[in-house]
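*Asks:* Mind looking over this structure? Questions follow.
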Amino acid sequence: MDQCIFCKIINNEIPARRVYEDESTVIIKDISPQAPVHYLAIPKKHFAGIQNIPSSEMELLSKLFSAITKLIADESLDQNGYRLVINYGEKAGQTVSHIHVHILSGRSMTWPPG
Ligand code: AMP
Ligand code: ZN
């Protein structure tokens with residue numbers, strides 16, 4: 001995906017503040033944080049949404065959530081609570097068409113989300 005900003009980050013074509021990386025996942029700091037802690041967990045393979053992942057590639061989601069679990073443990077995010085968010089589509093607020101999980105923590109949050 002030539003124009004995808006997250007593919008460019010994954011390929012080291014543009015810089016990002018990486019906090020975790022393995023063979024299938026990268027976790028970066030969000031450039032415009034919406035909470036004291038705001039990371040983006042991104043699978044290295046480009047898919048727009050989880051519904052676009054073929055069943056043969058579903059393992060990437062377990063790897064993605066394993067990486068998130070490690071980060072939660074490393075940074076003790078469970079001590080004060082955290083929120084995971086996946087936006088899909090314009091109406092849900094997706095601005096980058098490459099699956100990513102927002103990891104938000106460090107402040108009180110309201111429900112329902114806006
Ligand atoms: P979404 O709106 O759910 O698609 O989330 C996209 C997120 O990517 C937003 O929170 C942006 O602030 C973030 N973002 C966009 N460009 C960059 C970048 N170059 N480095 C880090 N985060 C970015
Ligand atoms: Zn991409």
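*Asks:* Report whether or not residue 41 is touching a helix residue (DSSP H, G or I) at 6+ places or on another chain (Cβ under 8 Å), within 16 Å of ligand 2 (Cβ to nearest atom) and closer than 18 Å to residue 83 by Cα.
*Replies:* Taking the combined requirement at face value, the residue satisfies it.
*Asks:* While we're on this one: Any idea which of 65, 47 is within 23 Å of residue 5 (Cβ to Cβ) and under 12 Å from the mean Cα position of the chain (by Cα)?
*Replies:* Exactly one of 65, 47 is within 23 Å of residue 5 (Cβ to Cβ) and under 12 Å from the mean Cα position of the chain (by Cα), namely 65.
*Asks:* Same structure, new question: Any residue in the stretch 5-34 that's away from ligand 2 (no atom under 16 Å from the Cβ): show its pairings with residues that are in a loop (DSSP other than H, G, I, E, B) and charged (D, E, K, R) at Cβ separation under 7 Å, as long as the two are six or more apart or on different chains.
*Replies:* 29/17
*Asks:* Here's another thing I want to ask about it. Where residues in the stretch 24-44 are within 15 Å of the chain's Cα centre (by Cα) and more than 19 Å from residue 94 (Cα to Cα), which of them is nearest to ligand 1 (Cβ to nearest atom)?
*Replies:* Filtering the stretch 24-44 for residues that are within 15 Å of the chain's Cα centre (by Cα) and more than 19 Å from residue 94 (Cα to Cα), the one nearest to ligand 1 (Cβ to nearest atom) comes out as 37.
*Asks:* I'm trying to understand the selection: among the residues of the stretch 46-92, which are exposed (fewer than 12 other Cβ atoms within 10 Å of the Cβ) and assigned to a loop (DSSP other than H, G, I, E, B)?
*Replies:* Of everything in the stretch 46-92, those that are exposed (fewer than 12 other Cβ atoms within 10 Å of the Cβ) and assigned to a loop (DSSP other than H, G, I, E, B) turn out to be 54, 58, 76, 89.
*Asks:* Looking only at the stretch 93-114, which residues are under 25 Å from residue 47 (Cα atoms) and buried (at least 16 other Cβ atoms within 10 Å of the Cβ)?
*Replies:* If the condition is that a residue be under 25 Å from residue 47 (Cα atoms) and buried (at least 16 other Cβ atoms within 10 Å of the Cβ), then 94, 97, 98, 99, 100, 101, 102, 103, 104 are the ones that fit.
Throughout, read-outs are computed from the coordinates displayed, never taken from laboratory work. Given the structure is predicted, the values throughout are model-derived calculations rather than measurements. So basically every Cβ, Gly included, is an ideal-geometry build from the backbone, and we count neighbours across all protein chains shown.
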